[in-house]
1. When ranked by the protection proxy of mean other Cβ atoms within 10 Å per residue, highest first, what sequence do the peptides 41-51, 145-155 form?
2. Work out the P(r) tail for the chain: percent of alpha carbon pairs separated by more than 20 Å, whole number.
3. When the chain is fully extended, how far beyond the present Cα-Cα distance does ASP129 get from ASP203, taking 0.36 nm per residue of separation?
4. Given all pairs of different Cα atoms, what value in angstroms does the Kirkwood hydrodynamic radius of the range 105-176 take?
5. For the peptides 173-179, 14-20, what is the packing order when you average, over each peptide's residues, the other Cβ atoms within 10 Å and list the highest mean first?
6. At R0 = 30 Å, how high is the FRET efficiency between LEU30 and GLU153 if r is their beta carbon distance? Nearest 0.05 is fine.
7. Wrap a convex hull around the Cα atoms of the range 59-102, take a quarter of its surface area, and give that in square nanometres.
8. For the charge dipole of the range 105-176, defined by +1 on Lys and Arg C-beta atoms and -1 on Asp and Glu C-beta atoms about the Cα centroid, which residue among GLY159, ALA118, GLY144 has the Cα displaced farthest towards the positive pole?
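No lab work stands behind these numbers, since they all come straight from the coordinates. This one's a predicted model, so the numbers in the text were calculated from it and none came from an experiment. Note: ideal-geometry Cβ built from the backbone for every residue, glycine included; neighbour counts use all protein chains shown.
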Amino acid sequence: MTYILNIETATKNCSVSLSENGETIAFKELATESFSHAEKLHVFIADVLKEVNLNFKDLNAIAVSQGPGSYTGLRIGVSTVKGLCYALSLPMISIDTLALLANQISIEDGIIVPMIDARRLEVYAAFYDKNGNQIREIKAEIIGENSYSDIAEKIHLVGDGALKLKSILTDDKFIFHENVLYPSAKEMSSLAFDKYKKSDFVDVAYFEPFYLKDFVLNK
């Protein structure tokens with residue numbers, strides 16, 4: 001059996017799951033406006049392990065959402081995983097945050113565009129096909145009424161970044177999946193297991209989150 005602990009803290013959602021051979025067997029998360037990651041993350045980790053009567057020595061690897069997303073949230077998640085992997089001598093796996101959003105829906109045709117809110121009319125976004133393959137690089141982009149005008153096919157939008165754009169992206173080709181707001185550790189299970197089988201690990205000492213933009217301190 002391969003047990004992987006999955007941690008997602010890139011947005012308002014503090015999310016932890018435990019998987020067995022790529023299937024989620026325990027899961028806990030909470031999304032709040034106050035970003036409760038620092039106080040909740042370690043509690044959630046202990047809870048999911050206790051739920052299935054496992055402990056840290058049973059783990060084979062730990063996966064973390066790599067970004068883009070909240071600077072503070074990413075720092076909390078990545079530093080926690082780094083510390084655990086180093087202390088337990090476990091391999092560390094990184095998962096694209098936008099892929100976690102895209103994987104929460106299934107479509108027959110068109111493309112999936114997951115969006116994470118980057119304030120005002122800016123979002124972090126990428127394109128994925130119906131099979132979950134990334135077909136456009138991740139960008140920080142400001143969205144206007146003419147955005148994606150060169151795309152004729154259906155565009156399925158997910159994430160809190162997409163929800164704030166409903167009044168701007170009004171063409172019939174835009175389909176908003178309003179029930180999918182945040183990336184979740186639940187979606188990490190299969191992606192992390194695939195990377196584990198390929199020994200696709202990151203260097204614990206040198207890994208840094210994918211911020212996409214420089215951190216700017218609000219004054």
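1. On the way: 41-51: 16.5, 145-155: 13.0.
In descending order of packing, they fall as 41-51, 145-155.
2. Numbers: 13457 of 23871 pairs.
Tail of P(r) above 20 Å: 56 percent of Cα pairs.
3. Numbers: separation 74, 0.36 × 74 = 26.64 nm, distance 2.93 nm.
That pair, ASP129 and ASP203, stretches by 23.7 nm at full extension.
4. Working: mean 1/r = 0.0824 Å⁻¹.
12.1 Å is the Kirkwood radius here.
5. On the way: 173-179: 14.4, 14-20: 25.7.
Ranked by mean Cβ neighbours within 10 Å, highest first: 14-20, 173-179.
6. Working: r = 36 Å, r/R0 = 1.19.
Using R0 = 30 Å, I get an efficiency of 0.25.
7. Details: hull surface 12.2 nm².
Averaged projected hull area, Cα only: 3.0 nm².
8. ALA118
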